[in-house]
Amino acid sequence: CNWYPEAVACSRHDKVLNISFESNNLQGSLPQEIGGFEKMQKLYFSNSNLHGTIPTELGRLEFLIELTIYNNAVSGMIPSELTRLSQIQTLNLGSNQLSGSIPSELGSLSQLQDLRLDNNRL
């Protein structure tokens, strides 16, 4: 798990816990495979050039407490699968090109403390 120590933190059992790619000028879309990191706790993709949609597979990350996909060009709807993130405390999807309605089930996420959806087309 030492393949990119500046941006990826792992457990002592080599399970990916945190990914932080902030202001790295990343391009492309978020891969659906990111939903396979079952122990993920924090995921940051901000101030880059990401596009495409938010993978529904992120809803599998049952230990996720922080999800930030801020200031990119991500479009489409907020996947209802994100409402499965029962441990989520921070959900920042602001400053993208998201559209549609906000899933009402986000209101039932009891651990959610910080929700940012500003500067979208919602």
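A short reminder: the numbers here are calculations on the coordinates, not readings from a lab. None of these values were measured; they are calculated from a predicted model. Because the Cβ atoms are built from the backbone with ideal geometry, glycine has one as well, and the counts that use them run over all protein chains shown.
Which ³J(HN,Hα) values in Hz, rounded to whole numbers, follow from the phi angles of the range 113-122 under the Karplus curve 6.51 cos²θ - 1.76 cosθ + 1.60, where θ = phi - 60° and Gly and Pro get x?
Going residue by residue, I get 10, 9, 10, 10, 10, 5, 6, 10, 10, 7 Hz, with x marking Gly and Pro.
For the range 1-94, run through the chymotrypsin sites (Phe, Trp or Tyr not before Pro) and keep only the ones in DSSP coil with at most 10 other Cβ atoms within 10 Å of their Cβ.
Here the chymotrypsin sites (Phe, Trp or Tyr not before Pro) that fit, given the DSSP loop and packing criteria, are TRP3.
So I have (1) 1.00; (2) 0.94; (3) 1.12, and one of them is Rg/Rh (Cα atoms, Kirkwood Rh) calculated from this model. Which one is it?
Correct label is (2).
By how many nm would the segment from HIS51 to MET77 lengthen if fully extended, with 0.36 nm per residue of separation less the alpha-carbon distance?
Result: 8.1 nm gained on full extension.
If each residue of separation counts as 0.36 nm, what is the full-extension length gain between GLN89 and GLU105 once their alpha-carbon separation is subtracted?
4.3 nm
Pop out the ³J(HN,Hα) list for the range 96-110 in order, Karplus 6.51 cos²θ - 1.76 cosθ + 1.60 with θ = phi - 60°, rounded to Hz; leave Gly and Pro as x.
10, 10, 5, 9, x, 9, 7, x, 4, 5, 4, x, 9, 6, 5
Amide H of LEU50 versus every other amide H placed in the peptide plane: which residues, excluding those fewer than 5 positions away on the same chain, fall under 5 Å?
Distant-sequence amide H within range of LEU50: ALA73.
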